[in-house]
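Read the structure below first, then the notes.
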Amino acid sequence: MSDNKIEMDVMGISYSQIKQEAHALVLKQHEGDLSMVVVIGVPEANSIFATLNHVITPRPMTHDLMISTFHAFGISLDEVFIYSFDEGVYKSRIKLSSNQHSVELEARTSDAVALALRTNTPVFTNQAVLDKAGFVLSDDKKSVVTQKPKRSLADLSIEELQQKLSKAVEVEKYELAASIQKTIKEKLSNETQKSTEGSVPSQELPEKK
């Protein structure tokens, strides 16, 4: 797509401070300090968040369906290239290939990244885009990359959390589902640790005189 490619890592999803009812996709240089933020819609944010947090959905999402279609026809996604940033809008292309030929297609950046995450495909940009949109993410703002739970879950039992997890996945609230999954894992880990600490150590028999 371009010889001037800079690989970017997907850091996560945050709430957008620019636009209401939108989220921010945070990307950072694989080798470097510059980051950039792409404002995306809620459905695309849910799709990316579900993949980042390994949430299994009861029905395939649109991006899952696209990947299944690629596989069915022997098509591979080779790379995503965010090649332009103009007036606050990023422009991206995806490169697809099969045994017969390869093709580059225009795509929304949010869709392109959602597909890339599902196939471990690298995401690239160029220096021109970083010069316009890149910034150094300060230490006090790095926490915004990870979504925080909207409500406290720590007081619920594991059984209650599992019920909430099933309901959250059913209604496609993947951000909440990921938070619930994390809480369940933490509770199970704590219970295992307490069980180990509370076990009775074997006692040595007194020596015979």
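To keep it simple, each residue is scored yes or no on (1) surrounded by fewer than 17 Cβ atoms within 10 Å (Cβ to Cβ); (2) in contact (Cβ under 8 Å) with a residue 60 or more places away in the chain.
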{"site": "SER76", "(1), (2)": "yes, no"}
{"site": "PHE81", "(1), (2)": "no, yes"}
{"site": "SER110", "(1), (2)": "no, yes"}
{"site": "ALA114", "(1), (2)": "no, yes"}
{"site": "PRO122", "(1), (2)": "yes, yes"}
{"site": "PHE135", "(1), (2)": "yes, yes"}
Inset, instruction - Give me a count of the residues in segment 44-66 that are more than 22 Å from GLU7 (Cα to Cα) and surrounded by fewer than 21 Cβ atoms within 10 Å (Cβ to Cβ). - result: 11
Legend entry - Residues of segment 93-106 that turn out to be closer than 12 Å to GLU79 by Cα and out of contact with any Leu (no Cβ under 7 Å at 6 or more places or on another chain), as a count: 3
Inset, instruction - Pull up segment 17-48, narrow it to residues that are closer than 23 Å to THR62 by Cβ and either in a helix (DSSP H, G or I) or of a type in the set (Lys, Arg) (or both), then point me to the one that is modelled with the lowest pLDDT. - result: LYS19
Inset, instruction - Could you tell me which numbered condition VAL103 fails, if it satisfies all but one of (1) assigned to a strand (DSSP E or B); (2) touching a residue at least 12 places away in the same chain (Cβ under 8 Å)? - result: (2)
Inset, instruction - Within segment 84-92, identify whether any single residue is within 25 Å of ALA22 (Cα to Cα), in a strand (DSSP E or B) and of a type in the set (Gly, Ala, Ser), and answer yes or no. - result: yes
Inset, instruction - Could you tell me whether any residue of segment 84-97 is of a type in the set (Phe, Trp, Tyr), in contact with a Lys or Arg (Cβ under 7 Å, 6 or more places away or on another chain) and farther than 24 Å from LEU176 by Cα? - result: yes
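The values are calculated or read from the model by the stated rules, or taken from the named source; none is laboratory data. From a predicted model like this one, the values you see are computed outputs, not experimental measurements. All Cβ positions, even for glycine, are placed from backbone atoms using ideal geometry, and neighbour counts span all protein chains on display.
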